[in-house]
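The values are calculated or read from the model by the stated rules, or taken from the named source; none is laboratory data. It should be emphasised that the depicted structure is a prediction, and the values quoted were computed from it without experimental measurement. No Cβ is skipped: glycine too gets one built from the backbone with ideal geometry, and neighbour counts run over all protein chains shown. Note: accessible area is taken over every heavy atom of the protein model, side chains too, but ligands, DNA and RNA are not part of it. Shrake-Rupley method; radii C 1.70, N 1.55, O 1.52, S 1.80 Å.
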Amino acid sequence: MRKALIAGNWKMNNETEKAVSLVNDLKTELKNVEDREVVVCPPFTVLKEVKKVICNSNIFLGGQNMYWEKTGAYTGEISPLMLKDAGCDYVIIGHSERRIYFGETNEFVNKKVKAAFAYNLIPIVCVGETLTQREKGDAFKVVEKQLREGLDGLKIEDFRKLVIAYEPIWAIGTGKTATPLQAEEVHKFIRELLENMFVGKSEEIRILYGGSIKPENISVLMACKNIDGGLVGGASLSADNFIKIVKFI
Ligand code: 13P
């Protein structure tokens with residue numbers, strides 16, 4: 001049985017005061033939640049402050065990105081070691097905004113995923129197609145390439161811990177959520193592909209949906225067989241909305 005996971009990707013939002021106030025609210029309101037896992041992914045600058053608030057709670061901390069090297073002359077980058085030091089257990093890898101604005105390739109994603117496991121971080125690996133790719137009928141092909149190249153050469157014991165997030169780019173920040181049918185179709189495809197890559201392990205892997213998740217649409221999405229949680233952007237910036245999303249039933 002896969003435990004549902006709801007992760008909030010704050011993106012480039014929230015300075016210290018707002019971040020602390022938001023997680024204080026989450027900590028209080030979500031303290032009795034046991035049957036699902038909650039993760040918040042704040043910007044690097046507030047990771048430690050957020051960790052101080054959630055350290056004795058059921059909320060986990062995640063980074064939004066990282067570089068694959070441990071240390072060295074990589075100006076502006078953050079290493080897996082630094083994320084661990086800040087208290088992270090998770091890290092988002094290959095978000096479409098990183099791919100689009102910062103040129104991240106599947107090869108980068110692969111190096112980052114391997115580095116995350118090497119430092120005991122659980123990667124949330126993001127995949128998803130653009131609207132043009134979907135309209136051309138290429139959604140499955142794009143997602144397959146992202147997964148085959150991004151997860152190439154993983155160890156079987158790491159593979160089981162992996163989290164995938166299917167985030168169709170046309171649904172991110174647009175208010176246009178994929179219908180449960182559209183999302184489940186791709187999630188099912190992803191699980192079959194994972195089974196093909198790592199026989200016997202795909203049932204253990206959590207596949208999250210991301211793209212305009214709101215309190216109003218989370219339940220129908222979570223009712224789908226292969227949707228195991230959500231990666232929430234905009235709605236994770238409001239304590240009220242994020243709490244409702246976590247408590248989806
Ligand atoms: P929105 O929920 O704002 O559409 O963002 C989704 C996302 O990109 C989460 O990583």
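Could you check the range 120-136 and list, in sequence order, the residues that are more than 16 Å from the ligand (Cβ to nearest atom) and touching a residue at least 40 places away in the same chain (Cβ under 8 Å)?
The one that is more than 16 Å from the ligand (Cβ to nearest atom) and touching a residue at least 40 places away in the same chain (Cβ under 8 Å): LEU121.
Please tell me if GLU104 is charged (D, E, K, R) and either open to solvent by 70 Å² or more (accessible area, probe 1.4 Å) or in a helix (DSSP H, G or I) (or both).
Values: charged (D, E, K, R): yes; either open to solvent by 70 Å² or more (accessible area, probe 1.4 Å) or in a helix (DSSP H, G or I) (or both): no.
So GLU104 fails the test.
Restricted to the range 151-195, and to residues that are among the small types (Gly, Ala, Ser) and within 16 Å of the ligand (Cβ to nearest atom), which residue is most open to solvent (accessible area, probe 1.4 Å)? Before you say what the answer is, go through the steps one by one.
Restricting attention to the range 151-195, the residues satisfying the condition of being among the small types (Gly, Ala, Ser) are 153, 165, 171, 173, 175, 178, 183.
With the extra rule that they be within 16 Å of the ligand (Cβ to nearest atom), the set shrinks to 165, 171, 173, 175, 178, 183.
On the way: ALA165: 0, ALA171: 0, GLY173: 80, GLY175: 50, ALA178: 5, ALA183: 0 Å².
Only one residue tops the list, namely GLY173.
State all residues of the range 207-221 that are within 15 Å of the ligand (Cβ to nearest atom) and of a type outside the set (Ser, Thr, Tyr); if no residue qualifies, say none.
Residues of the range 207-221 within 15 Å of the ligand (Cβ to nearest atom): 207-218, 221.
Selection gives ILE207, LEU208, GLY210, GLY211, ILE213, LYS214, PRO215, GLU216, ASN217, ILE218, LEU221.
Out of the residues in the range 47-99 meeting the condition of being open to solvent by 40 Å² or more (accessible area, probe 1.4 Å) and touching a Ser or Thr at 6+ places or on another chain (Cβ under 7 Å), tell me which one is farthest from the ligand (Cβ to nearest atom).
THR71
Kindly provide the set of residues from the range 1-11 that are more than 9 Å from the ligand (Cβ to nearest atom) and surrounded by 15 or more Cβ atoms within 10 Å (Cβ to Cβ), ordered by number.
First, the residues of the range 1-11 that are more than 9 Å from the ligand (Cβ to nearest atom): 1-6, 10.
Within the range 1-11, ALA4, LEU5, ILE6, TRP10 qualify.
Could you list, in sequence order, all residues of the range 12-44 that are touching a Pro at 6+ places or on another chain (Cβ under 8 Å), of a type outside the set (A, V, I, L, M, F, W, C) and buried (at least 19 other Cβ atoms within 10 Å of the Cβ)?
ASN14
Please give the number of the condition MET66 fails out of (1) within 13 Å of LYS84 (Cα to Cα); (2) not in a loop (DSSP other than H, G, I, E, B).
In the conditions (1) within 13 Å of LYS84 (Cα to Cα); (2) not in a loop (DSSP other than H, G, I, E, B), MET66 misses (2) alone.
In this structure, is LYS201 over 23 Å from ARG36 (Cβ atoms), at pLDDT below 95 and not aliphatic (A, V, I, L, M)? Before you say what the answer is, go through the steps one by one.
Numbers: over 23 Å from ARG36 (Cβ atoms): no; at pLDDT below 95: yes; not aliphatic (A, V, I, L, M): yes.
Answer is no for this residue.
Any idea which of (1) surrounded by fewer than 23 Cβ atoms within 10 Å (Cβ to Cβ); (2) more than 21 Å from ALA19 (Cα to Cα) is the one ALA235 doesn't satisfy?
Against the list (1) surrounded by fewer than 23 Cβ atoms within 10 Å (Cβ to Cβ); (2) more than 21 Å from ALA19 (Cα to Cα), ALA235 comes up short only on (2).
What's the number of the condition GLY200 fails, among (1) loosely packed, with under 13 Cβ neighbours inside 10 Å; (2) part of a helix (DSSP H, G or I); (3) without any contact (Cβ under 8 Å) to a residue 40 or more places away in the chain?
(2)
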